């Protein structure tokens, strides 16, 4: 009788242990689910659905700002969006949050600034050419655009034209580790320590480069035909395999991951900028801009397309 009791007890203990292992396995599976595998479609107001050729997105001070359909929209959570008014109608191409303010740039030399994304002020750029990219670092804001245009500002209000030594259409700029990097048509890459004096670098490609980001001690550039380049210092660049031949237009880094977006709903991600993984976006619409903020990635595309990842690092 005693042995029979012990046998039943052992079976019960074994069953309990198996249940605990299964629960632990399920919990670990849930906790390790990759948030970049899931993308949610978000609804922008109807005014975002205009067929403009560019779209952009930035985050800062707990606010997301989207440029879409030629208009400006803001959200605190990426879900509920409000259109904001502005004093001009020129299409906007690029936006970033820098030095405590949002800076948006566009066609006809448009530069607009806002401390909160809600109220916008037009600034005099001194150029009528199209502007596409903007960044800041070391107390300086840098804007890049058509025909090698580079503008700098210490306060976001007064802008000075600099000589880039290039006639390329400059699409993007970023800053890290004491170096500004600008990228554009024909595989153009330029670097500068101060935004004033620029040096041309050998990218190893003639593909147009559309976006730049920095993370994991690495500059990353993406562009046409699935082009991905990496550099530890902005001077020496290496071509990486990207898993796609689509045009890549947008790139951002956040919480240990790079996210690049492009034509036909293309989304690819990387933890180090070197090895890339294709993701399912759920759309075939062209995607243009990416940002990271409030523990999530946002991707904006044409005709008002907006995607949001699951929370990162939860």
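The values are calculated or read from the model by the stated rules, or taken from the named source; none is laboratory data. What you are looking at is a predicted structure, and each value in this text was computed from that prediction instead of being measured. Cβ sites come from the backbone with ideal geometry, for glycine too, and all protein chains shown count toward neighbours.
Scanning region 279-298 for residues that are assigned to a strand (DSSP E or B) and either at pLDDT below 95 or over 12 Å from residue 248 (Cβ atoms) (or both) yields 279, 291, 292, 293, 296, 297, 298. Can we say residue 156 is farther than 18 Å from residue 58 by Cα and touching a residue at least 40 places away in the same chain (Cβ under 8 Å)? In short, no. Scoring residue 286 on the criteria (1) surrounded by fewer than 23 Cβ atoms within 10 Å (Cβ to Cβ); (2) within 23 Å of residue 201 (Cβ to Cβ) leaves a single failure, condition (2). For region 246-271, residues that are in contact with a helix residue (DSSP H, G or I) (Cβ under 6 Å, 6 or more places away or on another chain) and under 15 Å from residue 309 (Cα atoms) total 1. Listed by position, the strands (runs of 3 or more DSSP E) enclosed by region 132-244 that each have at least 2 residues that are assigned by TED's automatic domain parsing to the domain that holds residue 92, over 21 Å from residue 105 (Cβ atoms) and at pLDDT 95 or above are 199-201, 218-223, 228-231, 238-240.
In summary, strands (runs of 3 or more DSSP E) completely within region 65-117 and bearing 3 or more residues that are under 18 Å from the mean Cα position of the chain (by Cα) and crowded, with 21+ Cβ neighbours inside 10 Å occur at 71-75, 92-98, 101-106. Comparison of 234, 254, 215, 250 shows that the only residue that is crowded, with 18+ Cβ neighbours inside 10 Å and under 20 Å from residue 165 (Cα atoms) is 234. All told, residue 48 meets the bar of being buried (at least 21 other Cβ atoms within 10 Å of the Cβ), in a helix (DSSP H, G or I) and either at pLDDT 90 or above or assigned by TED's automatic domain parsing to the domain that holds residue 301 (or both).
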